[in-house]
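Input: a single structure, listed below in structure tokens.
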Amino acid sequence: MGRPLRADAERSVRAILEAAERVLAEDPGASMEQIAEAAGVARTTVHRRFTSRQTLIEALAVSAKRQLMEAVEDAHLDTAPPLVALHRVTANTLRIKSVWRFTLGHPLADTPLTAMIWSEINDGALEFLARAQREGLLAPDADLVWVRRVYYALVDEALHGSGADQDPDQVRKNADALATLIVDTLLRGVGLQG
């Protein structure tokens, strides 16, 4: 990897990535010029930082997956009480996924690095579910791979219910209430609360 970016170049890259996510979420076919305009930078600046549309999408993917990993880590899945950790990771995930609607659902955003991050997230989810099961939050006979799939589906439904994306600002504002609904729904199906 090259030398670190200067502070102004780093701000420029961040502005481009944020604008690209917003613009592409509204219009997946948007041009690099439209992204540059939304970022408030020259088209040449976008092309200097990202040599192609695919390079930009891959940079978006890395940024999104890293933020998702940070949100998961912030939930302290290995040390917090399982119910607290489950609620926190759910609310954190909803907040991040509502910001990265385009990138986290785009197949061209998959790279070896993002696949590695996603694999870590998936493995960590199973480790957490195993701990939650050992500590009595989940039924002893629950299939943890199935529980993970159902959990991911519930999160996805909260973000994209009825086939239409929920308003990202509303998701972020209501993340705790949505997390409670998701956790309650999950635990009534596979927990001891059933």
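Each value in this text was obtained by applying a stated rule to the coordinates, not by laboratory testing. Small disclaimer: the values here were computed from a predicted structure and weren't measured. Every residue, glycine among them, receives a Cβ derived from its backbone with ideal geometry; neighbour counts consider all protein chains shown.
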- Message: Tell me the label only: which of (1) 18.7; (2) 19.8; (3) 18.0 is Kirkwood radius over Cα pairs in Å as calculated from this structure?
- Response: (3)
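Just to verify a number: FRET efficiency for residue 74 and residue 111, C-beta to C-beta distance, R0 = 22 Å, to 0.05?
The computed FRET efficiency comes out at 0.40.
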- Please identify which residues in segment 84-128 have an amide N closer than 17 Å to a label point set 7 Å out from the Cα of residue 177, following the Cα→Cβ vector. 91-92, 94-95
- Query: Do the sum for the chain: with -39,500 (n - 2.57) for every DSSP H run of n ≥ 4, divided by all residues, what is the mean residue ellipticity at 222 nm, to the nearest 500 deg cm²/dmol?
  - Reply: -23000 deg cm²/dmol
- Message: From the phi angles alone, apply the Karplus equation (6.51, -1.76, 1.60; θ = phi - 60°) to segment 45-54 and give each ³J(HN,Hα) in whole Hz, x where the residue is Gly or Pro.
- Response: 5, 4, 5, 5, 7, 9, 5, 8, 4, 4
- Quick shape check on segment 8-113: root eigenvalues a ≥ b ≥ c of the Cα gyration tensor, a/c under 1.5 is rounded, otherwise prolate if a/b tops b/c, else oblate, and it reads prolate
- With no solvent term and unit scatterers on the alpha-carbon positions of segment 1-51, Debye gives log₁₀ I(q)/I(0) at q = 0.22, 0.23, 0.24 Å⁻¹ of -0.74, -0.79, -0.85
- Give me the distance between the Cα centres of segment 28-49 and segment 80-152, rounded to whole Å. 33 Å
- Note on the structure: 1/(1 + (r/R0)^6) with r = Cβ-Cβ of residue 26 and residue 130, R0 = 35 Å, i.e. FRET efficiency to nearest 0.05, evaluates to 0.30
